[in-house]
Amino acid sequence: MAGRLAVLALLLVCVVWGAWLNYVASARVDEGNCGQNNRRITFLTPVSGFYLEGHVISNHSVELNLDCQDQCALARECVSYNIGPTINNKLTCELSNSDHLQHPEDLKPRKDWIYRGTQNPCATSPCLNHGTCYMGYTEKKYVCVCPADLRGENCEAAAFLSCSHLKKAHPTATSGNYTIDSDGEGDLEPFSVYCDMTNKNGVGVTVISHDSESRTIVDGYEDHGSYSRDINYTGARLSQLASLTNVSSHCEQFIKYECQHSGFFFYSGPAGWWVSRDSTKMTYWGGASPGSGKCACGMNNTCANPNRGCNCDKNDAVWREDSGLLTDKTKLPVKQLRFGDTGESHEKGYHTLGKFNCYGTA
Ligand SMILES: [Ca+2]
Ligand SMILES: [Ca+2]
């Protein structure tokens, strides 16, 4: 009984507070008290003979104009309302989720109706990156409800280090473009990535595209490493990708070289190699152990020439291929590709480099 009285007293305080200040409504939004869940709205002077068209979110039958104001304060999307003529001693109260500031063209003359707007900070779209603005909350008179990958008062900051971190916090998140900030509060800027939420058992794979993904010919470059292709990653700098590898348990990148009379020869001043993110010449290929000086076939002795560590080192007229995943996250992603041994007319090759993928939380 005492508890109920306390709630009633609190309600009374709220109502008196709302009525006392002219044009200021105070109403409870959630079950709670007059605290931070309260919505404080400053209503503008009613405009008779006008009606805001096309933004009505709900209809209410009320007895007094003030009741419509209270209904608006209770609906967090409401920023204006229309009151219709009295029918059977009831007024029609229509709540709208927009107003004459956001849609001046929709404010139209209509006989016997009254339009009433609010001081609406959301009209200036303070919430960034598709955040949803709700007017009337907190001291700044609005709150932003941010998309899953963002945070901050105005949805200006990325909320997660990687797609795996995002997926952990939001298990139902679907594949798509998101913003991440791999070093969190560190100086590196957030960047936009694709999150594949189904691959790798749905752990959330951060996928980085680049400008050298298509199969590309290498022809006419005889000297070792005289062919050079820089890899430019889409929307991210190497420092950002390095920090992505720090917060991921696994990173990988597919690499392939198709060859005819063109080899790597990692064992003797190599003709071809890849360059790590820290600019080191890397003399092993996808599918082989770091430092092995081999390709995948060299790891299980299945190369075209059993005495060599790569199929391409057979260096003959047959089209051959060495391919596999690079997985040393301390060296990835690939910064540059270098090839040679394609100077003679019968010598040539094609390189293919996959997207850069990181997953798991380190
Ligand atoms: Ca940062
Ligand atoms: Ca050759």
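Since every read-out is calculated from the coordinates, none of them should be taken as a lab result. Model, not experiment: these values are computed from the prediction. All Cβ positions, even for glycine, are placed from backbone atoms using ideal geometry, and neighbour counts span all protein chains on display.
Taking other residues whose beta carbon is less than 15 angstrom from the beta carbon of V62, and scoring Lys, Arg as +1 and Asp, Glu as -1, yields -2. Residues of the chain were split at every exposed loop site, defined as GluC sites (Glu not before Pro) in a DSSP loop with at most 12 other C-beta atoms within 10 angstrom, and the longest piece left, sites excluded, is 186-343. Taking a sphere under 12 Å around the Cβ of G269 and counting the other residues whose Cβ falls inside, with K and R at +1 and D and E at -1, yields a net charge of -1. Take the Cβ atoms of N199 and R237, set R0 to 30 Å, and the FRET efficiency comes out at 0.80. Stretching the chain fully between H130 and T174 yields a gain of 14.1 nm (0.36 nm per residue, less the alpha carbon separation).
By the rule of a C-alpha distance below 19 Å, with chain neighbours fewer than 8 residues away ignored, the aspartates and glutamates paired with K141 are D30, D70, E77, D99, E153, E156. Loop-located trypsin sites (Lys or Arg not before Pro) across segment 215-318 with a Cβ neighbour count of 15 or fewer within 10 Å are R215, R237, with loop assigned by DSSP. For the set K111/K140; K256/K281; K200/K256, the pairs lying more than 25 angstrom apart at their alpha carbons are K111/K140. Between 0 and 90 degrees, the angle of helix 2-20 with respect to the longest Cα principal axis of the chain falls at about 80 degrees. Just to confirm the number: angle between the C-alpha axis of helix 65-74 and the first principal axis of the chain, 0 to 90 degrees, nearest 10? On a 0 to 90 degree scale, this one is about 20.
Can you grab the distance from the C-alpha centre of segment 202-250 to the C-alpha centre of segment 161-176, Å, no decimals? Rounded to whole Å, the Cα centres lie 23 Å apart.
Judged by the ratio a/c of the largest to the smallest principal axis of the C-alpha gyration tensor, segment 70-118 counts as oblate, that ratio being 1.5 or greater while a/b is no larger than b/c.
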